Amino acid sequence: MPDDLTAQKRTLRVALRDRRRSELAERDRPEVARRLADHALALAREIVPDGGRVTSYESFWWEPPTEAMLTALTDAGYDVIVPVTLGHHQLDWRHVGLPDERLGGAAFAAADLVLSPGMTVDRTGMRLGQGGGYYDTAIATLPASTPVVTVLFDEEYDDRVVPHDDRDRRVHGVLTASGMRWLQRPEPRA
């Protein structure tokens, strides 16, 4: 990756992390969590009404809260898996609540809906992650028909342009406490 692009991404990540930790994470977390859970469940029912596999993640205190979302999806009968970081841009997967379990990459590839973390997403669907390349690597293995939606605080989806190169992957939509926004619809399932 060119040094100037790396520097642009790093600068943007630092600004977004600082904003999250000082401003966004201080809001009414239970209300944000409840609304995210409601919208995620509605989205899952739209994509796979009879249940299926949904990937998500367990949020840190400064990220949009996902605990209620994970519970709502699991309680509704969805097979919810979350990532385990292995290193070298590789993720494994496990079911929520089973920290020692490992399902392998095939579990992610079989997902019906992917709810990904991110720092921001621009209007074209370009996602800026934490900088490790883990999700970009994983998303690249998915069929084009698998919807990938990034969970953000409302203010993190705006008119900024996310710096990127050919290793970065676009997402299909953004899920915030205000609702779901499709940026591009995934290809129809075969």
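Summary table below
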item	result
Among 151, 80, 162: highest mean-square fluctuation, GNM of the chain, C-alpha pairs under 10 Å	162
Karplus-derived HN-Hα couplings along the range 77-84 (A = 6.51, B = -1.76, C = 1.60, θ = phi - 60°), whole Hz, x at Gly and Pro	x, 7, 8, 9, 10, 10, x, 10
Kirkwood hydrodynamic radius over Cα pairs of the range 31-95, then Stokes diffusion coefficient at 10 °C and 1.306 mPa s, in µm²/s	128
Dipole-positive endmost among 78, 114, 129 within the range 1-133 (Cβ charges, Cα centre)	129
Which of 182, 62 has the fewest Cβ neighbours within 10 Å, and the rest in rising order	182, 62
DSSP-defined antiparallel bridges as percent of all bridges, the range 18-164, nearest 5	45
Rg over Rh, two decimals, the chain (C-alpha only, Kirkwood Rh)	0.93
Share antiparallel - DSSP beta bridges, the range 1-102, percent rounded to 5	65
For the range 14-58 and the range 82-98, distance of Cα centres in Å	19
Among 46, 156, 63, residue whose mean-square fluctuation peaks in a GNM of the chain (springs only between Cα atoms under 10 Å)	46
Candidates 103, 36, 70: whichever shows maximal mean-square fluctuation once the chain is modelled as a Gaussian network with Cα springs under 10 Å	103
Estimated FRET transfer efficiency (residue 28, residue 159; beta-carbon r; R0 25 Å; 0.05)	0.45
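Quick note: the coordinates plus some simple rules give every number you see, no bench work behind them. On a predicted model such as this, the values are computed, not experimentally measured, just so you know. Don't worry about glycine lacking a Cβ; one is built from the backbone with ideal geometry, like all the others, and counts go over all protein chains shown.
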